[in-house]
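Trainee: Dumping the structure here so I can ask a few things about it.
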Amino acid sequence: ELNVSGEIGPVRAVGGLFYLADNNFYLQEYNFKLGIFPLPPGTILHFTANNNNTRSKAAFADLTVDLTERFRLIGGIRLSKDTQRIEQDNYFQLNIGGNALPRTSTCPVPSNEVSWSSTTPRVGAQFDLASNANVYATFSKGFKAGGFNAFACNNVFNPEKVTAYEGGVKSRLFDNMLTLNASAFYYDYTNLQISQVIGLSRIITNAAGAKVKGFELEAALRPDDNWTINGNMSLLDAEYSNFSNVDSLNTAAGLQNLRGNRLNNAPKFSGNLGVAYRTDEMSFGRITGRVDASYRSTQYFREFNTALDSQPGYALLNLALIWDSPDDNYRVRLYANNVTNKAVIGQLQSSDQFGARYVTWAAPRQIGAEVRAKF
C-alpha cells in the first residue's frame, strides 16, 4: 500500500494505491475405513485446491474540507478489482473387497477464474457543538470480495455489499471527567456472506438481503484519581430481508422463507459495566481492584432460528486484583474470569452428513495470575 497525504488551505487529503497477491493451497481428505452411508468401507474422499490465487488492487482517496472552524465535510471513494483463480482436483475412490477401484473425479472443470469490480463512496459531515463535543453523520458503501469454496467443485459465492448510514455524537463533559459517545446506524446488505457445513465441507453461501438497525452507547466516568466506571450497550434489530434456504437437518420442511429471521450471532441486546478502584501511590506501589459484568441476550448461530440453534441470554462476571510497582516497571495481576462458571456456547455448526449440531464452548471459570516486566 502506498499513501500520499497533505493539506492545501482548508482541505486535508489522503490518497493511495493498494495491491495484494495471495496464494493458497488447500487439502482435505477423508479415509473412511469403516465406511460411511452409503459408501462402503475403505472409501476415500479427496479435495484439493491447487494455486488458489487472489489478486486485489485498488485506488482510493479521502478528503476533509473545513468549511468553518466548527463545520467540516468528509468525502472519499475507493475503486477496487478482485480476481480469484482456483485449480481443483476432487475425487472419490471406492474400495470393493479390499481392492481400490479407479478414482472417480467429482470436478470435471479443474480450473476456473472469476473477478469483480467495485466503487465504494463515503460522504459525511461533522459539526463541533463545542470544543469537547461534536455530532456527525455519514453515508457509505462497503464491499467484501466473493470467491470460490475450495472444497466444492466450481462453487462460487458472490461479493457482499452494504449500504451504511450512521449518525451520532462524541463528547467529553465536565472537564473531561465523563466521556459519552452515542451512535445510531442502519445497514442494508446485499448477498450477505454466511458460513455453512454441507456434507463434510464448510462453504460460504449468500443471503440475498439483510438489514441491521442499531444503537450504541458508551460511557466512561472518572470522578477522581481513584475511581473509574465504564460501560457500553448495544441494541440490534438484525434480520434477513430476502433469503430462502433448506435446513439440511430438517429437509422435510423444504425450502424455507427466512425473511424476518434474526441474523447469526446478533443478539438484540449486549452490554457491559466495569468498576475499578485504584489506590493512591504508596511506598510499595499501587493496588487496583476491578469488577466487570456483561450480559448478552439470546443469539442464534444458524439462520433457521430454532431453539437448538441458540444460546439463551447469559451474564458473565470477571474479577481482577492488580499490583503496580512504584516505577511502573512491574505488574502482577490476579484474575478470575467467568466467576460463576457459566456454560456458554461460543460457536455452533451443523453437519447434514451426520445429521447433528456440534458446538465449541466458551471458556469456563478461569483463575490465574499474570506477571509483567518492562526492560
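The values are calculated or read from the model by the stated rules, or taken from the named source; none is laboratory data. Worth saying up front: this structure is predicted, and the values here are computed from it rather than measured. Don't worry about glycine lacking a Cβ; one is built from the backbone with ideal geometry, like all the others, and counts go over all protein chains shown. Heads up: the accessible areas ignore ligands, DNA and RNA and are worked out on the full protein's heavy atoms, side chains in. Shrake-Rupley method; radii C 1.70, N 1.55, O 1.52, S 1.80 Å.
Trainee: Kindly establish whether LEU273 is in a strand (DSSP E or B), crowded, with 17+ Cβ neighbours inside 10 Å and under 24 Å from the mean Cα position of the chain (by Cα).
Mentor: Details: in a strand (DSSP E or B): yes; crowded, with 17+ Cβ neighbours inside 10 Å: no; under 24 Å from the mean Cα position of the chain (by Cα): yes.
No; evaluated as a whole, the condition is false for this residue.
Trainee: Now, a different point. Hey, VAL359 hits all of (1) modelled with pLDDT of 95 or more; (2) assigned to a strand (DSSP E or B) but one; which does it fall short on?
Mentor: The number of the failed condition is (1).
Trainee: On to the next question. Only one of these is out of contact with any strand residue (DSSP E or B) (no Cβ under 7 Å at 6 or more places or on another chain) and either surrounded by fewer than 16 Cβ atoms within 10 Å (Cβ to Cβ) or not aromatic (Phe, Trp, Tyr) (or both): ALA293, ALA266, ALA252. Name it. Walk me through how you get there before you give the answer.
Mentor: Details: ALA293 fails: out of contact with any strand residue (DSSP E or B) (no Cβ under 7 Å at 6 or more places or on another chain); ALA266 fails: out of contact with any strand residue (DSSP E or B) (no Cβ under 7 Å at 6 or more places or on another chain).
The match here is ALA252.
Trainee: Go through (1) surrounded by fewer than 12 Cβ atoms within 10 Å (Cβ to Cβ); (2) of a type in the set (Gly, Ala, Ser); (3) at pLDDT below 95 and name the single condition GLY42 misses.
Mentor: (1)
Trainee: Here's a follow-up. Kindly establish whether GLY6 is in a strand (DSSP E or B), out of contact with any Ser or Thr (no Cβ under 8 Å at 6 or more places or on another chain), under 25 Å from LYS144 (Cα atoms) and not hydroxyl-bearing (Ser, Thr, Tyr).
Mentor: Numbers: in a strand (DSSP E or B): yes; out of contact with any Ser or Thr (no Cβ under 8 Å at 6 or more places or on another chain): yes; under 25 Å from LYS144 (Cα atoms): no; not hydroxyl-bearing (Ser, Thr, Tyr): yes.
Here the answer is no, as GLY6 does not meet what is asked.
Trainee: How do the pairs read when you match residues in segment 3-30 that are more than 30 Å from HIS46 (Cα to Cα) and open to solvent by less than 80 Å² (accessible area, probe 1.4 Å) with residues anywhere that are modelled with pLDDT of 95 or more and part of a loop (DSSP other than H, G, I, E, B), using Cβ under 8 Å and keeping only pairs 6 or more apart or on different chains?
Mentor: PRO10/LEU67; GLY16/GLU1; PHE18/GLU1
Trainee: Are any residues in segment 155-198 of a type in the set (Phe, Trp, Tyr), surrounded by fewer than 17 Cβ atoms within 10 Å (Cβ to Cβ) and part of a strand (DSSP E or B), and if so, which ones? I'd like the intermediate steps shown before the answer.
Mentor: First, pick out the residues of segment 155-198 that are of a type in the set (Phe, Trp, Tyr): 157, 165, 174, 185-187, 189.
Applying the additional criterion that residues be surrounded by fewer than 17 Cβ atoms within 10 Å (Cβ to Cβ) yields 165, 174, 185-186.
Selection gives TYR165, PHE185, TYR186.
Trainee: For segment 306-335, which residues satisfy the criterion of being open to solvent by less than 60 Å² (accessible area, probe 1.4 Å) and either over 30 Å from THR360 (Cα atoms) or among the hydrophobic types (A, V, I, L, M, F, W, C) (or both)?
Mentor: Listed by number, the residues that qualify are ALA315, LEU316, LEU317, ALA320, ILE322, ASP324, SER325, ASN329, VAL332.
Trainee: Determine if segment 246-254 includes at least one residue that is more than 24 Å from ARG372 (Cα to Cα), assigned to a strand (DSSP E or B) and not acidic (Asp, Glu). Walk me through it before giving the result.
Mentor: Looking only at segment 246-254, we keep the residues that are more than 24 Å from ARG372 (Cα to Cα), and these are 246-254.
After this cut, where a residue has to be assigned to a strand (DSSP E or B) as well, the list is 246.
Of the ones still in play, those that are also not acidic (Asp, Glu) are 246.
Looking through segment 246-254, at least one residue is more than 24 Å from ARG372 (Cα to Cα), assigned to a strand (DSSP E or B) and not acidic (Asp, Glu).
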